[in-house]
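Taking it in order: structure first as structure tokens, then the write-up.
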Amino acid sequence: MAIKYSEKVIEHFKNPHNIGELEQPSGAATEGSPACGDQLSIYLDIEEGTNVIKDIKFQSYGCASNIATASIITDMAKGKTIDQAKEISWKQAAEELGGLPPVKMHCSVLAVDALRSAIKDYEKKHLGKEFDESMSKENVKKELQKIIYGKVGVDILTLKLVKYIGIDNDNNIIIDLEMDKGDKFLPDIKEEIEEHLSKFDRANEIKINVV
């Protein structure tokens with residue numbers, strides 16, 4: 001069955017805004033993985049003192065939705081302060097595009113995640129900020145909030161598909177999912193969980209149980 005896109009998604013896919021790379025970015029980040037189908041890099045030129053995003057570019061590896069959401073999120077962020085840009089949500093990005101099919105909603109999450117990571121990179125390098133990136137249950141939970149159930153386009157925590165989050169003495173991350181083992185979206189969700197939680201260097205193994 002063909003995926004139906006809004007006219008605005010098609011417009012931004014065919015003629016993406018702000019595509020390219022900045023040679024000496026104030027902040028930059030790459031999120032996603034080509035192995036999983038989508039990857040996005042964002043580059044920022046931020047004015048020190050005002051913290052206004054003067055310019056922003058992106059490079060995308062992925063589908064039409066990935067390119068379109070990167071295009072719209074860079075439009076939305078340009079000219080804003082970093083604090084204003086951090087408030088842009090994946091739902092707002094999807095709405096600006098006239099909506100996304102539920103199965104492609106994860107692309108707007110990826111775009112917002114890449115933008116916020118690039119801002120964080122700037123804050124570390126230029127503002128001396130420090131962030132808690134430890135392998136805690138709270139930080140694991142934040143990563144799980146970025147994972148969308150493609151059937152309805154809502155994150156797996158809001159849908160209460162995650163029944164347990166644990167970290168054992170061997171630094172294994174344990175996730176219990178309440179899903180039908182025959183659910184066609186289950187393999188994608190498990191793959192995304194592993195991708196997101198592999199960011200924690202201390203993680204020995206990511207154990208996903210379907211209960």
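Between 151, 129, the distinction of being charged (D, E, K, R), surrounded by fewer than 16 Cβ atoms within 10 Å (Cβ to Cβ), touching a helix residue (DSSP H, G or I) at 6+ places or on another chain (Cβ under 9 Å) and farther than 24 Å from residue 29 by Cα belongs to 151 only.
Based on what the data block shows, is residue 109 within 25 Å of residue 26 (Cα to Cα), of a type in the set (A, V, I, L, M), in contact with an Asp or Glu (Cβ under 8 Å, 6 or more places away or on another chain) and surrounded by 14 or more Cβ atoms within 10 Å (Cβ to Cβ)? Judged against the criteria, residue 109 is a match. Taking first residues from the stretch 143-157 that are at positive phi and partners that are in a loop (DSSP other than H, G, I, E, B), the Cβ contacts under 7 Å between residues at least 6 apart in sequence or on separate chains come to 153/105.
I'd like to check something: does the stretch 172-182 contain any residue that is of a type in the set (S, T, N, Q), outside any strand (DSSP E or B) and at pLDDT 95 or above? No - not one qualifying residue is present in the stretch 172-182. Could you look through the stretch 179-200, keep only residues that are surrounded by fewer than 14 Cβ atoms within 10 Å (Cβ to Cβ) and touching a residue at least 24 places away in the same chain (Cβ under 8 Å), and pick out the one that is farthest from residue 95 (Cα to Cα)? The extreme case among them is 181.
Every residue in the stretch 15-71 that is among the β-branched types (Val, Ile, Thr) and more than 20 Å from the chain's Cα centre (by Cα), please. Spell out how you get there, then give the answer.
Just the residues of the stretch 15-71 that are among the β-branched types (Val, Ile, Thr), to begin with: 19, 30, 42, 46, 50, 52-53, 56, 67, 69.
Correct list: 46, 50, 52.
Would you check if residue 149 is under 20 Å from the mean Cα position of the chain (by Cα), closer than 30 Å to residue 55 by Cα and of a type in the set (Ser, Thr, Tyr)? The answer is no for residue 149. In the stretch 71-96, the qualifying residues are those that are in a helix (DSSP H, G or I) and among the aliphatic types (A, V, I, L, M), and the one that is surrounded by the fewest Cβ atoms within 10 Å (Cβ to Cβ) is 76.
If we scan the stretch 39-59, do we find a residue that is more than 28 Å from residue 128 (Cα to Cα) and in contact (Cβ under 8 Å) with a residue 40 or more places away in the chain? There is no residue in the stretch 39-59 that is more than 28 Å from residue 128 (Cα to Cα) and in contact (Cβ under 8 Å) with a residue 40 or more places away in the chain. Look at the stretch 12-31: where a residue is within 17 Å of residue 86 (Cβ to Cβ) and a partner is in a loop (DSSP other than H, G, I, E, B), sitting 6+ places away or on another chain with Cβ atoms under 8 Å, you get 26/48; 28/22. Of the residues making up the stretch 106-153, just one is β-branched (Val, Ile, Thr), more than 23 Å from residue 174 (Cβ to Cβ) and outside any helix (DSSP H, G or I), namely 152.
The values are calculated or read from the model by the stated rules, or taken from the named source; none is laboratory data. The model shown is predicted, which means the values in this text are computed figures rather than measured ones. Don't worry about glycine lacking a Cβ; one is built from the backbone with ideal geometry, like all the others, and counts go over all protein chains shown.
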